[in-house]
Amino acid sequence: VEPDLPQAPQVLDESTLEWTRERTDWLTVAHQAVRRHDGSFGGHGHILTVFDAEGRMLSSEGDPRALEGLSEINFAPGALWTEGAAGTNGPGTALATGAPAHIVGAEHFCQAWHRWHCAAVPIHHPLTGEVIGVLDISGFREYAHPHSLNLAHALVLAIEQVLSAREVERRYLTLSRFTELSARYPGEVTIAADRTGRVLLATPGATCRSPEELQTLVTNLVSSSEPGSREVALSLEGVASRRGTWFPVFDGRTVVGGCLMLERPARVREKRPYSSPSTVYSFRDVIGKSAGMVEALRLARNAADTALPVLLLGESGTGKEVFAQAIHQAGGRQDDPFMAVNCAALPRELIESELFGYEGGAFSGARREGAPGKFEVADGGTIFLDEIGELSPSAQGALLRVLQEGEITRVGSARSRRVDVRVIAATNRNVEDALQSGRLRADLYYRLNVLSIELPALRERPEDVRAFARAFLAEAARELSRPEAELSESVLERFERYPWPGNVRELKNLIRRLVATAETFPITLADLPPAIDGDPRARPRRGADESGSPTADQELLMAVVASARTMAEAAARLGITRSTLYRRMERFGLRPERILRPH
């Protein structure tokens with residue numbers, strides 16, 4: 001960006017701007033919230049503007065003198081005001097930092113903006129916490145005052161409160177659809193999810209798909225749902241191959257979520273619910289010979305012989321649910337339900353109703369006859385509460401009562417119900433920090449901490465990495481029908497040195513990706529992403545041996561390109577597309593202009 005830039009770039013014409021406003025479904029809500037909070041904005045010498053997450057101005061209003069003056073630098077709807085386009089400025093800096101910013105006079109990078117001051121505050125999505133836009137108050141520099149930023153912050157709080165209330169209403173729409181479908185089709189697995197793919201509620205048996213796979217599937221279904229569409233039949237391939245149906249839920253023209261119904265295989269549907277184990281993993285699936293893992297396995301096997309609460313500690317991705325299922329499978333409740341609940345994914349206002357059930361009419365959108373919660377459904381079996389520290393204080397208090405008295409009370413009811421449920425809880429938080437901050441109740445922690453098992457991070461047990469890698473490679477090879485899949489020794493050695501911040505989950509996902517994208521085997525260092533491989537400039541090129549010498553394939557490619565007049569001709573001789581030829585040359589570290597000879 002040049003400091004003498006006269007205007008910010010215009011990136012949206014009038015028709016595209018209108019289309020963008022229509023697609024920004026929070027914009028109308030933001031305007032309504034601002035007017036309800038402080039009336040129509042009319043600050044002397046100031047204007048109020050709203051930007052989307054890409055830094056494009058969507059609307060502006062305020063003092064005509066300020067509007068006219070700011071239009072000279074194209075501080076107007078349709079213009080781009082990111083830092084990359086306009087240097088340091090209120091909305092651009094707020095987007096870049098994700099924090100409020102007040103830029104006054106010469107604090108702007110471009111001289112043309114020095115007449116002004118900008119107080120900007122990011123607007124966050126109530127579900128994901130992501131920045132979805134910016135509200136900015138701009139005006140003449142001489143009118144700059146710290147209260148400008150305070151006012152902008154208050155207006156953003158008003159917007160976010162209205163957006164949060166709207167998301168609650170949207171969740172109720174989705175959950176109402178869920179209760180209707182689960183009552184109409186009791187033999188099927190039904191999953192309710194919001195538009196981000198986060199699971200709101202699910203019937204037993206919904207553990208057939210991984211959370212990541214399910215989130216990707218739902219997000220794609222939401223984005224492809226057209227206004228007014230009713231239901232879409234699906235054919236879901238993979239380990240849990242089955243037919244399914246997607247039921248989108250709309251709030252006006254906006255898809256706010258939906259319900260995914262997965263048809264149970266006939267042999268399961270004919271049986272009574274939970275007449276067979278509802279787990280996938282056992283202790284046979286636990287991999288590891290390190291001292292920390294051996295100790296964790298010993299404690300877990302001992303825990304399986306009891307009905308005492310278990311607390312699993314460890315970073316995300318260390319396999320806490322695998323251990324929970326294995327403990328259930330090895331114990332006396334193996335033929336009874338196993339219910340896994342991700343506490344972090346439960347809507348905060350619905351946590352207690354989902355865990356403990358609710359009576360009819362307990363809240364708007366509730367079923368007339370009420371509904372059981374997770375504990376009632378898991379009666380006789382095991383409930384696995386992942387991310388226990390994310391429960392609200394009231395939900396933690398209710399959970400403590402279940403552990404102490406063996407009773408639950410539905411929301412809206414005064415009558416207690418007896419349940420016999422073994423509780424296995426897990427958290428990836430530092431327990432001491434959670435206790436000191438109050439996020440985890442001390443009495444609940446000490447009640448759960450009867451049998452505590454700490455799962456070591458993968459970086460703490462490098463001797464187990466090879467076993468995991470080979471197991472995941474065999475699984476991916478079967479799943480993707482690539483029996484020739486193989487990892488080179490150099491890759492295995494690199495895996496042992498890599499710290500694996502995502503733990504076992506990261507390793508598994510990486511190997512699936514490598515098997516799916518590799519053109520030849522074995523997989524070498526050249527196939528690894530830079531984050532795993534270290535310095536990409538130091539790694540051997542694909543098509544070269546470990547010493548870096550060219551292979552026959554590389555020499556053939558260089559010869560064909562050197563003898564061709566154009567890259568298109570070279571690609572045709574090799575029987576590949578031009579884009580594939582460019583990719584191969586990039587892996588070899590070759591550039592066309594250094595090989596093509598003039599003819």
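Across region 163-175, coupling constants 3J(HN,Hα) worked out from phi with the 6.51/-1.76/1.60 Karplus curve, θ = phi - 60°, read 4, 5, 4, 5, 5, 4, 4, 5, 4, 5, 4, 5, 5 Hz, and Gly and Pro carry x.
Once the cut-off is 22 Å, how many percent of the Cα-Cα pairs in region 1-147 end up in the long-distance tail? Roughly 33 percent, once rounded to a whole number. Kirkwood radius, region 73-116, all distinct C-alpha pairs, inverse of mean reciprocal distance: 10.5 Å. Other residues within the sphere of radius under 15 Å centred on the Cβ of residue 104, judged by their own Cβ, net out at -1 (K and R +1, D and E -1). Less than 5 angstrom separates the built amide H of residue 455 from those of 313, 314, all sequence-distant by 5 or more or on a different chain. In this simple spin-label model, placing a label point 7 Å from the Cα along the Cα-to-Cβ direction at both residue 403 and residue 307 gives a separation of 1.7 nm.
Summing Cβ point charges (Lys, Arg +1; Asp, Glu -1) relative to the Cα centre of region 450-539 gives a dipole of roughly 180 debye. For region 366-477, the Stokes-Einstein estimate of translational diffusion at 4 °C and a viscosity of 1.567 mPa s comes to 77 µm²/s, using the Kirkwood hydrodynamic radius over alpha-carbon pairs.
Using a Cα-Cα cut-off of under 17 Å, which aspartates and glutamates could be cross-linked to residue 289, ignoring same-chain neighbours fewer than 8 residues away? Hits, sequence-local ones excluded: 454, 460, 463, 464, 496.
FYI, it's all coordinate maths here, none of it is from the lab. Just so it is clear, the structure is predicted and the values come from calculations on it, not from any experiment. Reconstructed Cβ throughout: ideal geometry from the backbone, glycine too, with neighbour counts over all protein chains shown.
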